[in-house]
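Everything on this sheet refers to the single structure shown next.
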Amino acid sequence: MDPEKLKPALQDLVVESLNWLRTPSNVEKIEPSYQKYANEVKYDEYGWPKLTDLTFQTYGSPRHEKSVFDFSMVLYRVLEQFTAWKPFIETALTYDRILWFYSLEDSDSTSEELARIDPQLGRSWPFRLIKSGVGDLVDRYLHRYNTFELDEANFGLLYTGWYNNIFADKLEFDVIVPILGLSFEDAQIAMADGVEIVRMTDTIQLQRGIHGQYRYYFNSNVTRAATFAVVSRGWEITNVPQLIRHATVFTPDYLRTVLARIDLVFAAIRAVTGFQTGYSQILIQADGWCDHSYGGLPTTHAVSVRQFPESFETQGVWLSKPADISGKQCLEIAETYNWLGTVRQNKVALAARRLNQAYLRSSDDDAIVDAIIGLEALIGDGNAEMTHKIASRIAAIRKLNPVDGLSPYAVFRLTKKIYAQRSAIVHGTHETKTDKQLVTPPHGENERVQSSIGMLRHLVVTLAKFPEYLEPTKIDELMLD
């Protein structure tokens with residue numbers, strides 16, 4: 001059965017809906033609530049978007065050009081006024097794919113209001129098809145094109161997204177992860193695997209502001225502190241029924257493969273710059289399909305996560321300007337990510353993960369252990385005398401990429417001290433503070449923490465430049481030259 005046959009029936013129903021909405025008295029009679037959205041993004045004195053100002057709930061008749069009247073929620077209450085609703089629903093219910101997508105195959109319950117309109121269709125009336133299949137499409141048309149007149153070309157574009165949402169076997173999407181607390185000199189940084197860092201447009205800021213209002217379990221101002229994002233394109237999922245998609249598909253666990261790649265970008269940023277950063281939001285932007293829309297914006301799903309330092313919330317990352325990353329550092333970030341992302345070795349992924357974790361720890365001890373594990377993963381060989389070998393190899397690596405004015409011998413001695421601290425931590429023999437003085441931020445004044453993380457950062461960046469030394473014996477040869 002050709003799904004395109006649905007198009008004329010759906011178009012007739014959309015036309016009737018738009019005609020009904022163009023009469024203010026019709027909307028006033030039902031006194032709907034609606035979401036009022038800003039149509040532009042304002043920025044504060046530090047350059048952060050004011051996302052919390054983008055939406056609020058109100059009542060009465062909306063101004064369609066600036067707000068979203070949720071017609072999808074009241075459509076079933078006025079359907080008896082339309083002549084096109086019954087031909088559309090009778091046609092739609094003949095498609096097994098629609099029954100599958102809206103989980104209607106085993107449904108035996110329906111709205112009493114709909115049963116009153118037509119008892120014969122009442123028991124099988126698909127409320128989700130009315131709301132998501134028709135009402136959302138009307139809202140989307142009205143607020144994207146700001147007119148009650150139906151243009152067939154514009155309707156055709158929206159119908160394609162509606163059709164693919166239900167009938168496509170695979171759904172393609174891009175993943176957008178805003179970067180907290182940083183600004184980049186380059187507006188776009190292209191990297192391997194279709195990954196890039198870009199300055200977010202106002203459209204993306206509007207999208208993430210709208211989604212974020214009801215999803216935080218931390219101070220929502222943290223999420224404001226982002227003007228750039230990591231973007232990973234070209235992902236896809238197998239299409240599933242709508243309820244399953246919304247409940248289980250777009251979650252951090254389901255997205256772990258793409259997030260592993262995103263985390264490599266943050267490891268590269270931290271390795272090159274040493275800046276505190278992280279992310280609190282994951283945006284899933286549909287490519288070629290549409291299952292909802294707010295204010296005419298592209299379809300986006302959002303997930304809130306807590307992948308940022310505790311100090312971002314306690315000290316207010318949004319209360320200061322972003323840390324600036326130079327054009328030279330942008331190139332180094334791309335180089336480092338390209339190496340991290342293309343070296344298919346578990347030890348490299350482990351080192352990157354431990355570098356990220358060290359920056360997110362609230363405990364100095366845990367951060368030191370993370371950094372040492374990362375160092376051992378990259379240049380250890382699992383044999384005896386690990387402390388001496390790691391210290392010697394780190395010192396030799398400094399010859400390739402000197403920084404900080406430290407001589408290889410000074411690096412060797414410092415590594416020995418850090419290893420002694422690590423040994424004391426894991427065996428529980430280190431000293432702990434017993435007074436009641438609070439120290440913030442974490443790691444800020446701990447030289448051993450800064451040194452251990454700094455060594456791991458330097459090693460990651462250096463191996464990205466000289467990947468042949470990922471083999472520890474090559475470093476041993478370097479020491480003998």
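What pairs can you find where one residue is in the stretch 295-311 and under 11 Å from Leu283 (Cβ atoms) and in the same structural domain as Phe266 (by TED's automatic domain parsing), the other is in a helix (DSSP H, G or I) and hydroxyl-bearing (Ser, Thr, Tyr), and their Cβ atoms are less than 8 Å apart, with a gap of 6+ or different chains?
Pro298/Thr203; Ser304/Thr223
Which pairs do you get when a residue that is at negative phi and in a loop (DSSP other than H, G, I, E, B), found in the stretch 396-424, comes within reach of a residue that is among the polar types (S, T, N, Q) and modelled with pLDDT of 80 or more, reach meaning Cβ atoms under 7 angstrom, with the pair 6+ apart or on two chains?
Asn401/Thr462
Can you say whether Val198 is without any contact (Cβ under 8 Å) to a residue 60 or more places away in the chain, in the same structural domain as Asp287 (by TED's automatic domain parsing) and assigned to a strand (DSSP E or B), as far as the supplied structure shows?
In short, yes.
Please go through the stretch 270-304 and pick out each residue that is at positive phi and at pLDDT 90 or above.
Gly274, Gly278, Gly288 - these are the residues of the stretch 270-304 that are at positive phi and at pLDDT 90 or above.
Would you pick out the residues in the stretch 198-249 that are basic (Lys, Arg), in contact with a Ser or Thr (Cβ under 8 Å, 6 or more places away or on another chain) and surrounded by 15 or more Cβ atoms within 10 Å (Cβ to Cβ)?
Arg208, Arg224
Of the residues that make up the stretch 332-351, is at least one closer than 21 Å to Leu206 by Cα and either surrounded by fewer than 18 Cβ atoms within 10 Å (Cβ to Cβ) or touching a residue at least 60 places away in the same chain (Cβ under 8 Å) (or both)?
No; the residues of the stretch 332-351 include none that is closer than 21 Å to Leu206 by Cα and either surrounded by fewer than 18 Cβ atoms within 10 Å (Cβ to Cβ) or touching a residue at least 60 places away in the same chain (Cβ under 8 Å) (or both).
Do you know which residues across the stretch 165-186 are part of a loop (DSSP other than H, G, I, E, B) and of a type in the set (Gly, Ala, Ser)?
Ala168, Gly181
Based on this model, can you work out whether Pro402 counts as surrounded by fewer than 18 Cβ atoms within 10 Å (Cβ to Cβ), closer than 21 Å to Ile269 by Cα and at pLDDT below 90?
yes
The values are calculated or read from the model by the stated rules, or taken from the named source; none is laboratory data. Worth saying up front: this structure is predicted, and the values here are computed from it rather than measured. Note: ideal-geometry Cβ built from the backbone for every residue, glycine included; neighbour counts use all protein chains shown.
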